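What follows draws every value from the coordinates through simple rules; no lab data is involved. What you see is a predicted model; the values in this text were computed from it and never measured. So basically every Cβ, Gly included, is an ideal-geometry build from the backbone, and we count neighbours across all protein chains shown.
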């Protein structure tokens, strides 16, 4: 029986029935699936994404797309076991697959949360605050971010066929940009499986996601200036794709997250017997054996004090000798196979190159015998530890990467030399510094950060919660300079903004308010007879405003507030000291001004406003003295419908209010935003 044929998902339909290239199990070499022979009409794919994808995604706002991501994550979580069963054939252990499957799902959840917390109800992000550009206050400027209206092409690597796809898809989808995903062929059967589940969920708007099995053909030649290309893979392939004539002609943004020569530095303050010494050895071995070393973030260069080189080598060898390699289905197996036989051949060739400048400390000669039936036909590779003869020499582990369970020890004499060796990687995704000395970390961090996208500082305090050297997180940047490609695959809101177009907007405050969907000071306000706090979420208008009555500040106010709060700072109570200050008089507590303003604008009766749950951007601009008279203006700044309900089940939204407190001279004395939960009408 011939293996099943994988299909591409193009223009809303699955295509491919004639088998082409056979993909084999990494465990035993048995045929697993085939790519399809039918060519893909990339003109149709691009047109469908730009036309249908942008239309359907644009019909949703940021908040609604965030809700779709969460629902999609829940849907995949319920069906993850079928993905685990398939992932087994890629040579991955259960723990390896957990990173790929659960890690991918966690990324969906994370971006759903980021969207819900940080993005508006709409498709325009205001990067404020607006800044005045004229003396009369009627000409201002600001920045907005909007969906690009193009198409994203994601070209992914073989090592994380699920997480690697979802880490790009999640921020792209949240940004409202349709994408075409091209997984590496060797493990494309896993990407196809998860895309099928996503399609079956019914949660994907038409055209928002397409899948290419096999070659990209002329896809890159069809892209335009509003499109984006992201790539994960080898630095050599990234360099070739980056100079595509069409991409250059149309200035198509191209970012790469390339395999890099990441390092881990054991600081000179760490000695055998210290907790950090054992943490270092454990981290190096974990990065060598997790996913059989097939991680773009794996430790390729282990930089250690010359004084402790032998102790580190012995510690790593001892741990590697206990690693059981074989079929992950067998109990006790801790490391599986490489993802393909082609990868096995490539790692072997790279190891031969590294051995020209390094000595073998541990490898296949040290009892390597994979366990399991049929493993002799599998793509297994022995964990291999090398030692560079001259860490400063050209080539070697500073330039050659064996993308498997291979690491090279390098000795140094002082911290400056260690930092110089780290930089020899010519730009990497991640470095680890293992130290318990804050002064060492403070000195080393700037030098390491200049050459690396992420830095893990590991010690006994962080160890219990550390996610490890090789674990990118959705909240933090994943990418690196130089050889690492210069990309930023993750990074919270930064990654979403990568798929949006930034533009400067100039005009009157009223026009800027209309464009941004957010009240800009100086814009026309809407005065209503009904107090804003008595209006339901749907009824509150951006720019709806209340100018309060006045209140004159007295000495009794200062005394009473000081006694109530316990704040007896001399500027509020010492007449002589205050008179000698820059203010020349006693001034009111800033938080009294804040409280007094609330007393001026808060509606005391029962109404739709449930709670004030936050305060942002507070500034005390001018002092308030005894005898000054203050008033407040409360204006609806923005509304966010997160699709949530109260614990009692009442639908509600978030309303942010701009508050400006002025004195008798119309000078602003305090400025801030308050966030309120407001019930929806009809709840």
| note | Among beta bridges assigned by DSSP with both residues in the range 127-221, the antiparallel ones amount in percent, to the nearest 5, to 30
| query | When 6, 648 are ordered from fewest to most other Cβ atoms inside 10 Å of their Cβ, what list results? | reply | 648, 6
| Tell me, how many Å apart are the Cα centres for the range 302-361 and for the range 659-683? | 61
| query | Taking only Cα atoms, what is the 0 to 90° angle, nearest 10, from helix 309-320's long axis to the longest principal axis of the chain? | reply | 80
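What full-extension length gain, to one decimal in nm, is calculated for residue 573 and residue 282 as 0.36 nm per residue of separation minus the Cα-Cα distance?
Going from the current span to full extension adds 98.8 nm.
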| To the nearest 0.05, how large is the calculated FRET efficiency for residue 503 and residue 461 if R₀ is 51 Å and r is the Cβ-Cβ distance? | 0.70
| message | Between helix 275-289 and the chain, what is the angle of the helix's C-alpha long axis to the longest principal axis, kept within 0 to 90° and rounded to the nearest 10? | response | 60
| request: Using the 2.2 N^0.38 Å rule of thumb for compact globular proteins, work out how the range 519-679 stacks up: its C-alpha Rg over that value, please. | output: 1.15
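Given R₀ = 45 Å, what would the calculated FRET efficiency be for residue 416 paired with residue 356, taking r from the Cβ atoms and rounding to 0.05?
Working: r = 28 Å, r/R0 = 0.62.
Working from the Cβ atoms, E equals 0.95.
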| note | Rounded to whole Å, √(5λ) for the Cα gyration tensor eigenvalues of the range 415-507, largest first, gives 28, 17, 13
| said: Just to confirm the number: angle between the C-alpha axis of helix 163-174 and the first principal axis of the chain, 0 to 90 degrees, nearest 10? | reply: 30
| query | Cα gyration tensor of the range 477-613, axes a ≥ b ≥ c as square roots of the eigenvalues: rounded (a/c below 1.5), prolate (a/b > b/c) or oblate? | reply | oblate
| Value of [θ]222 nm, deg cm²/dmol, for the chain, DSSP H segments ≥ 4, -39500 (n - 2.57) each, nearest 500 | -9000 deg cm²/dmol
| field | Percent of beta bridges antiparallel (DSSP, the range 262-473, rounded to nearest 5) | value | 15
| Distance (nanometres) between label positions extended 7 Å along Cα→Cβ at residue 118 and residue 307 | 4.2
| field | Spin-label pair residue 392/residue 530, simplified geometry with 7 Å Cα→Cβ offset, distance in nm | value | 7.8
| request: May I ask for the distance between the Cα centers of the range 175-225 and the range 460-510, given as a whole number of Å? | output: 22
| task | Find the relative contact order for the range 519-679 and round it to a whole percent, using C-alpha pairs within less than 8 Å whose residues are 6+ positions apart. | result | 28
| Share of Cα-Cα pairs in the chain beyond 45 Å, in percent? | 35
| field | Relative contact order %, the range 298-410, counting alpha carbon pairs below 8 Å whose residues are six or more apart | value | 35
| request: Find how many whole Å separate the alpha carbon centroid of the range 402-455 from the alpha carbon centroid of the range 260-295. | output: 11
| task | Compute the distance in nm between two label points, each set 7 Å from the Cα along the Cα-to-Cβ direction, one at residue 242 and one at residue 549. | result | 6.7
| said: Would the range 262-473 count as rounded, prolate or oblate if I go by the C-alpha gyration tensor, calling it rounded below 1.5 in a/c and otherwise prolate when a/b exceeds b/c, oblate otherwise? | reply: prolate
| remark: Of all DSSP beta bridges with both partners in the chain, the antiparallel percent, nearest 5, is 60
| request: With a ≥ b ≥ c taken as the square roots of the eigenvalues of the C-alpha gyration tensor of the range 247-343, please select rounded if a/c is under 1.5 and otherwise prolate if a/b is larger than b/c or oblate if it is not? | output: oblate
| Cβ-Cβ FRET estimate between residue 445 and residue 98, R0 fixed at 35 Å, reported to 0.05 | 0.70
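Over the chain, what is the relative contact order in percent, taking alpha-carbon pairs closer than 8 angstrom and at least six residues apart? Spell out each step's value before the answer.
Working: 1533 pairs, mean separation 88.7, N = 683.
Once divided by the residue count of the chain, the mean separation gives 13 percent.
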